[in-house]
1. Read through the list (1) over 15 Å from Thr168 (Cα atoms); (2) without any contact (Cβ under 8 Å) to a residue 60 or more places away in the chain; (3) of a type outside the set (Val, Ile, Thr), then give the number of the only condition that Ala229 fails.
2. Look through Asn215, Asn209 and report the one residue that is crowded, with 21+ Cβ neighbours inside 10 Å and not charged (D, E, K, R).
3. Taking the condition of being among the hydrophobic types (A, V, I, L, M, F, W, C) and over 16 Å from Pro213 (Cα atoms), how many residues in the stretch 153-172 meet it?
4. Please find, among Ala169, Ala142, the residue that is crowded, with 16+ Cβ neighbours inside 10 Å, of a type in the set (A, V, I, L, M, F, W, C) and not in a helix (DSSP H, G or I).
5. Search the stretch 92-133 for residues being of a type in the set (Gly, Ala, Ser) and at pLDDT 95 or above, and hand back the single one that is surrounded by the most Cβ atoms within 10 Å (Cβ to Cβ).
6. Check off (1) part of a helix (DSSP H, G or I); (2) farther than 21 Å from Ala35 by Cβ; (3) touching a Cys at 6+ places or on another chain (Cβ under 9 Å) for Tyr86 and give me the number that stays unchecked.
7. If you check Leu220, Leu224, Leu200, which single one turns out to be in contact (Cβ under 8 Å) with a residue 60 or more places away in the chain, under 19 Å from Ile68 (Cα atoms), part of a helix (DSSP H, G or I) and not β-branched (Val, Ile, Thr)?
8. So, Val85, is that one in contact (Cβ under 8 Å) with a residue 60 or more places away in the chain, under 29 Å from Gly132 (Cβ atoms), of a type in the set (A, V, I, L, M, F, W, C) and surrounded by 24 or more Cβ atoms within 10 Å (Cβ to Cβ) or not?
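The values are calculated or read from the model by the stated rules, or taken from the named source; none is laboratory data. Because the structure is a prediction, the values reported are computed rather than measured. Glycine also receives a Cβ, built like all others from the backbone with ideal geometry; neighbour counts cover every protein chain displayed.
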Amino acid sequence: YNCESQNMERLLKKRQIRSQLVRECIAEFLGLYIAVIFGSGSAAQVITSKGTHGSYLTIQLGSALGAIFGILVARGVSGAHLNPVYSMTLCILGCHPWRKLPCYALSHLLGAFLGAATVYLQYYDAIQVFSGGQLSVAGPNATAGIFCSYPAEHLSFWGGLVDQVVTTAVFLLCCVALEDRRHGPLAEGLHPVLVGGLILTVGLSMGSNCGFPLNPARDLGPRLFTFIAGWGVEVFKAGGGWWWVPTVAPFVGGVLGTLTYELLIEAHHPDTSNEEQSPCQKTEVTSSK
């Protein structure tokens, strides 16, 4: 936007953060914060209204659209990773400095934590009425699933592990493909929309087992919030200690999906003498529940 007020312009310049890393971390934090508000907010609306204000499809749409707007918030500053798995895979490929990875990951965790806290504050009355004042992880009035992933009753431990590895691998493979310039440049502004469409597709095809968390920070941050906010230690005990699966398995799946694309597709692009494309041109991706 164009700011015509000189006073406002001077104020903004005085408040400008000089450190590039701090600016990037703030962008990553805010981008995932926005994505979580829309994703968990859409789930809260459906669950607390007992399906009268939405459905499974609207939760997926909320998550996908939230990812789009989260990317739009952060992409001009940090590239909008919004997912420590993607940041890590870029580090492995030599496209992102390892020293920034802990800072990005902490920013993602904090953004997801505060996003969940905001949704809880907004839907506090609805959650209390729906749950009868008893915050639970399982049962007909469970509300913990608004914020993070839990396995469906039919899902075994190994089934959940496979689900998370495969889902995240496919997701990252497609995200890397979107960033591959040798397929031809995307129209300006189209990338966030395609990532949102990818998240919607994953949700509609792979979401029934455990809600396709895809993102360790997106799951662990809200889980920590629910632990503090009243759901208690059951958020870590439920599903036979399920919590570590969406925290660890996406890293395995993310690396697998990225390397699969690099080895089977990108490594075999024809060489061009004047226009060599580097995998380091891949910069932005997100995820959402």
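1. (2)
2. Details: Asn209 fails: crowded, with 21+ Cβ neighbours inside 10 Å.
Among Asn215, Asn209, only Asn215 is crowded, with 21+ Cβ neighbours inside 10 Å and not charged (D, E, K, R).
3. Looking only at the stretch 153-172, we keep the residues that are among the hydrophobic types (A, V, I, L, M, F, W, C), and these are 155, 157-158, 161-162, 165-166, 169-172.
Filter once more, keeping what is over 16 Å from Pro213 (Cα atoms): 158.
Number satisfying all stated conditions: 1.
4. Details: Ala169 fails: not in a helix (DSSP H, G or I).
Answer to the selection: Ala142.
5. Going through the qualifying residues, I end up with Ala112.
6. (2)
7. Working: Leu220 fails: under 19 Å from Ile68 (Cα atoms); Leu224 fails: under 19 Å from Ile68 (Cα atoms).
Answer to the check: Leu200.
8. Working: in contact (Cβ under 8 Å) with a residue 60 or more places away in the chain: yes; under 29 Å from Gly132 (Cβ atoms): no; of a type in the set (A, V, I, L, M, F, W, C): yes; surrounded by 24 or more Cβ atoms within 10 Å (Cβ to Cβ): yes.
When the stated conditions are applied, Val85 does not pass them.
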